[in-house]
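Q: Sharing a structure here in structure tokens format.
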Amino acid sequence: MPKTEMVNGFEAVLFLEDQYVVRQMRFAEFEAVLDGVVSMPDLADAESFAVYAVMDEQLQVRATVFFKIYFDEDGRADPEWNLPLRRLARIAGPGPDLGAGPVRLACRSQCPISWHLADLWDPDMRPGGNDFQVIRKAIKDNRLGFDRVAEGASGGASGLKSGGYRELPVHDQFSDADSQELSDEDALSLSDELQATPERDGTGVDHRTRLARLLRDQRLRIKALSSQHESEIGDLVRAQRLEQQAHKNRTQVLEQKLQQVGVLSDQLKARLKERGEQVLKLQATVDELKQQMRLLQKQVAAGAVSGKAGGADEDRNASRLRAELSIVKEQLQRREAELQMRSEREDQLIAELQSAQAQVEDHDEMEIVTRLSELDVVFVVYHPGAGHLTLPAADLKIYSEKPLAYAASRCFVTEQNYKHWLEHYETPLCEVCGKTVERITVPADYEHGEDNRCEAHKVEL
């Protein structure tokens, strides 16, 4: 806060939120906040909208500066904040009349120092929500305990006016330049009203002053609304850009996941093909070993028969054949075990491939639903008893799988009870004699076995 000359009169800072003064303090207290001596935990981590107000000794508002200030997580004011409030108030342009003539007003749409524009904000001047009326009432309540001086007492408003916060001269408040900015119809209307309205003192000064102030207030209101509209458009544009960027990021993530799933699916297909070829080779090897084993078994049997009639050579041949047969059996067992493992692995790969394909299908379905949701497409279905149901995008799959169960849940009944009620609702007949019974229109009120029978057959129960 730059050092400036002292101001004649009273100074206050009011913090506004939703057309209410949530906190107010004398300017000396606000300087202590800026110096870091005092913190404001209730405004922590937020940008506050405040008003610097200068009043005369009768607590009539003479100048206002609508400014913004940020407080960090500890409730301390931004140390780099440096707005010359007193200077802005002193050189500000005219604003509305709050009871003592036009006030000096510095705001976003009427900033006397252009490089401070970003630190100011525009007051709300709509009927029923006027920030100036909120400020005037807060100053009038005088909760800060200023020593108000009665009007007409010595040292009254004259000191303040000498300090620079004087009223604008009335003789030039309504000039030809003002009329040129009006439309032809508005200028003609004001001219007719000036001529038709009696002048109190013959000079027309009072009436001209009132019209000039009204015209100035309307212009200020238009400028404030235009600035607010531009700010809202900027906020919407920024929000749209952020939403588009977030959507773009989500799309990129989904595309990356889809690519990963596609690559995984291709890898699984290649591995599955390779495993299939290996299984075929193993099966051929197993068949070959089985044939070799059968041949060896025949040879061993023939050797055993000849061994009874022969000598030592036949025994050795039979022993060799039995050893070879044992080796072939072991090889066959290993191959069969390997074939079993490869078969299990093949089943696992098939399951992984099916899972990857399911992920791709789910992704495609969710992408379609997401795009429809972003286009503001509303999914509405109708079920008796439940009426028209608006389906969130996340519930589409659940509804498509079990529509009656979904409708029953919205009616707070079970699916079975809903089916019973639906049958009664479509054909309200006694289940025993076929006589027409009273139709129950609310599923939760329906009791099966009671409401689907006539009075005569209810007694049988």
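Q: Among the listed pairs 402/458; 68/137; 248/402, give every one whose C-alpha distance is greater than 24 Å.
A: Numbers: 402/458 33 Å; 68/137 21 Å; 248/402 33 Å.
Over 24 Å apart, Cα to Cα: 402/458; 248/402.
Q: Could you pull out which residues in region 324-341 have an amide N less than 19 Å from a spot 7 Å beyond the Cα of residue 292, following the Cα-Cβ vector?
A: Under 19 Å, as judged by backbone N against the label point of residue 292, lie 324-340 of region 324-341.
Q: Ignoring ligands, DNA and RNA, what accessible area per residue does region 6-106 give at 1.4 Å, in Å²? Each step should come with its number before you reach the end.
A: Working: 4110 Å² over 101 residues.
The answer is 41 Å² per residue.
Q: So, one more: With no solvent and one equal point scatterer per Cα, compute the Debye intensity ratio I(q)/I(0) for region 219-298 at 0.17, 0.23, 0.24, 0.25 Å⁻¹ and report its log10, rounded to two decimals.
A: Evaluating at q = 0.17, 0.23, 0.24, 0.25 Å⁻¹ gives log10 I(q)/I(0) of -0.85, -1.01, -1.03, -1.05.
Q: Given the protein chains as shown and a 1.4 Å probe, how many square angstrom of residue 126 are accessible, to the nearest 10?
A: Solvent-accessible area, nearest 10 Å²: 130 Å².
Q: Once each part is reduced to its C-alpha centroid, what is the distance from region 390-435 to region 243-293 in angstrom?
A: Distance between centres, Cα-based: 43 Å.
The values are calculated or read from the model by the stated rules, or taken from the named source; none is laboratory data. The model shown is predicted, which means the values in this text are computed figures rather than measured ones. So basically every Cβ, Gly included, is an ideal-geometry build from the backbone, and we count neighbours across all protein chains shown. The area values use the complete protein model at the heavy-atom level, side chains included, leaving out ligands, DNA and RNA. Shrake-Rupley method; radii C 1.70, N 1.55, O 1.52, S 1.80 Å.
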